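**Student:** Following this message is one structure expressed as structure tokens.
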Amino acid sequence: MKIGVIGSGAVGSACLLALVLRGSAREIVVLNRDRKRARAVAMDIGYGAPLASVVDIGDGDYPDLAGAELVIISAGINEKSGGATDRSDPAGRLRLLEANVGVYRDILPRLAKVVPDAVVLVLTDPPDPLADIVRTAGFKRVLSSGTYLDSLRFRHHLARGLNVAPASVEADVLGEHGTSEVLMWSSARVGTAPVLELIERSGGDRQELRRAIEHDVRYANIAIIEGNQASQFGIGIVSARIVEAVLRDERVVIPIGSYNPTYGATLSMPSVVGRAGVLRILEPSMSEEERHALERSADRLRVIAAGFRDGGL
């Protein structure tokens, strides 16, 4: 099982480490605009790889991706260098789109010549409209990391507030991986118990807890960047898990981004993920408030992606 990783900056390096430690793939080819960096990262992780599952990891160029079943793209400017760390800026990660479309304009034609049928997993911010760009460049199986990490953040904060293990919490964030994302409170559960009921029974202030958790989830990336320059390790682990779901044809249901014809844009919904990428999108039950919020999130993504598609690659 061979995969490629394009971009060996903070996010790409974290992805590589997670892929190796989890044993997600048998062969990994690392590409970077500066090949010396790709070689150094692959070498550094490779020295520790004998303590994990068997894996061949090395640097390469586009022809070396031949035969890869999946390619991760993490290349581009990040939130710190792109000036997307202002909590009051409604654009959020979308501020990075124009610059990163330029990066993708260079990558996609070369990638298409080698692995036109590979599953492409977009991690670069903002991943949803960039996944639309990849799709309109001719790739058929395109994923955005979407709100998978946001959903894990949501579950983490709910678990802390309710004093339970995060693994016991089921709660999704849908829509854009960005400021318009929608936290699905109405369907959040601990076991079979609705989260909102548990909060009420505990005597806590439901509205105050909800506001605090929404703030912590929506701006987690900025809080991390303020302390560590880049939000990288969580998305690294998430990307490795997505790779496993694809390569092993797991058909696991996760909140992940793919093109949704109902909404006319790439956005995150609960989806069945397997060898071909997203095999089926599951429309969840939601409150009227959540439905309207999701429609607004989709409208925002559709308008932005359409503008860049009309400009072409």
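The values are calculated or read from the model by the stated rules, or taken from the named source; none is laboratory data. Because the structure is a prediction, the values reported are computed rather than measured. Methodologically, a virtual Cβ is constructed for each residue, glycine included, from the backbone with ideal geometry; neighbour enumeration extends over all protein chains shown.
**Student:** Sort out which residues of segment 18-73 are of a type in the set (Val, Ile, Thr) and exposed (fewer than 14 other Cβ atoms within 10 Å of the Cβ), and write them in order of number.
**Tutor:** The answer is VAL54, and nothing else.
**Student:** Ok, one more. Out of all the residues in segment 112-132, which are assigned to a helix (DSSP H, G or I) and either in the same structural domain as ILE304 (by TED's automatic domain parsing) or crowded, with 24+ Cβ neighbours inside 10 Å (or both)? Can you show your working first?
**Tutor:** Going residue by residue through segment 112-132, those that are assigned to a helix (DSSP H, G or I) are 112-114, 127-132.
Those that are assigned to a helix (DSSP H, G or I) and either in the same structural domain as ILE304 (by TED's automatic domain parsing) or crowded, with 24+ Cβ neighbours inside 10 Å (or both): PRO127, ASP128, PRO129, LEU130, ALA131, ASP132.
**Student:** Is at least one residue of segment 167-184 out of contact with any Leu (no Cβ under 7 Å at 6 or more places or on another chain), in a helix (DSSP H, G or I) and crowded, with 22+ Cβ neighbours inside 10 Å?
**Tutor:** No - not one qualifying residue is present in segment 167-184.
**Student:** Is at least one residue of segment 92-106 modelled with pLDDT of 95 or more, β-branched (Val, Ile, Thr) and touching a strand residue (DSSP E or B) at 6+ places or on another chain (Cβ under 7 Å)?
**Tutor:** No: zero hits.
**Student:** Moving on to the next point. Can you tell me which residues in segment 74-83 are surrounded by 20 or more Cβ atoms within 10 Å (Cβ to Cβ) and either at pLDDT below 95 or of a type in the set (Ser, Thr, Tyr) (or both)? Give the derivation first.
**Tutor:** Initially, segment 74-83 is screened for residues surrounded by 20 or more Cβ atoms within 10 Å (Cβ to Cβ), giving 74-76, 78-79.
Once the filter is applied, which keeps residues that are surrounded by 20 or more Cβ atoms within 10 Å (Cβ to Cβ) and either at pLDDT below 95 or of a type in the set (Ser, Thr, Tyr) (or both), segment 74-83 yields SER74, ASN78, GLU79.
**Student:** Across segment 20-44, what is the number of residues that are within 24 Å of ASP106 (Cβ to Cβ) and in a helix (DSSP H, G or I)? Talk me through it step by step, then tell me what you get.
**Tutor:** Restricting attention to segment 20-44, the residues satisfying the condition of being within 24 Å of ASP106 (Cβ to Cβ) are 28-42.
When the remaining residues are screened for being in a helix (DSSP H, G or I), the result is 35-42.
Total satisfying the criteria: 8.
**Student:** Let me confirm something: among GLY227, GLY236, GLY204, GLY257, which residue is assigned to a helix (DSSP H, G or I) and in contact (Cβ under 8 Å) with a residue 12 or more places away in the chain?
**Tutor:** Details: GLY227 fails: in contact (Cβ under 8 Å) with a residue 12 or more places away in the chain; GLY204 fails: assigned to a helix (DSSP H, G or I); GLY257 fails: assigned to a helix (DSSP H, G or I).
Answer to the selection: GLY236.
**Student:** Any idea which of HIS156, HIS177 is assigned by TED's automatic domain parsing to the domain that holds GLU214 and in contact with a Gly (Cβ under 7 Å, 6 or more places away or on another chain)?
**Tutor:** Values: HIS156 fails: in contact with a Gly (Cβ under 7 Å, 6 or more places away or on another chain).
The unique qualifying residue is HIS177.
**Student:** Across segment 131-179, what is the total count of residues that are farther than 20 Å from ARG210 by Cα, touching a strand residue (DSSP E or B) at 6+ places or on another chain (Cβ under 9 Å) and not aliphatic (A, V, I, L, M)?
**Tutor:** In the first step, residues of segment 131-179 are kept if they are farther than 20 Å from ARG210 by Cα; the result is 131-146.
Now drop any that are not touching a strand residue (DSSP E or B) at 6+ places or on another chain (Cβ under 9 Å), which leaves 131-135, 139-146.
From what is left, the residues that are not aliphatic (A, V, I, L, M) are 132, 135, 139-141, 144-146.
Final tally of qualifying residues: 8.
**Student:** Please identify the pairs in which a residue from segment 37-59 that is not assigned by TED's automatic domain parsing to the domain that holds ARG26 has its Cβ atom under 8 Å from the Cβ atom of a residue that is modelled with pLDDT of 95 or more, counting only partners at least 6 apart or on another chain.
**Tutor:** none
**Student:** Does segment 133-166 hold any residues that are of a type in the set (Phe, Trp, Tyr) and crowded, with 24+ Cβ neighbours inside 10 Å, and which are they? Outline the logic, then answer.
**Tutor:** Here is the first cut: in segment 133-166, the ones of a type in the set (Phe, Trp, Tyr) are 139, 148, 154.
TYR148, PHE154 - these are the residues of segment 133-166 that are of a type in the set (Phe, Trp, Tyr) and crowded, with 24+ Cβ neighbours inside 10 Å.
**Student:** Something else about it: Out of segment 133-160, which residues are of a type in the set (A, V, I, L, M, F, W, C), touching a residue at least 60 places away in the same chain (Cβ under 8 Å) and part of a helix (DSSP H, G or I)?
**Tutor:** We begin by selecting, within segment 133-160, every residue of a type in the set (A, V, I, L, M, F, W, C); these are 133-134, 137, 139, 142-143, 149, 152, 154, 158-159.
This time we only want the ones that are touching a residue at least 60 places away in the same chain (Cβ under 8 Å), so: 133-134, 137, 142-143, 149, 152, 154.
ILE133, VAL134, LEU149, LEU152, PHE154, listed by residue number.
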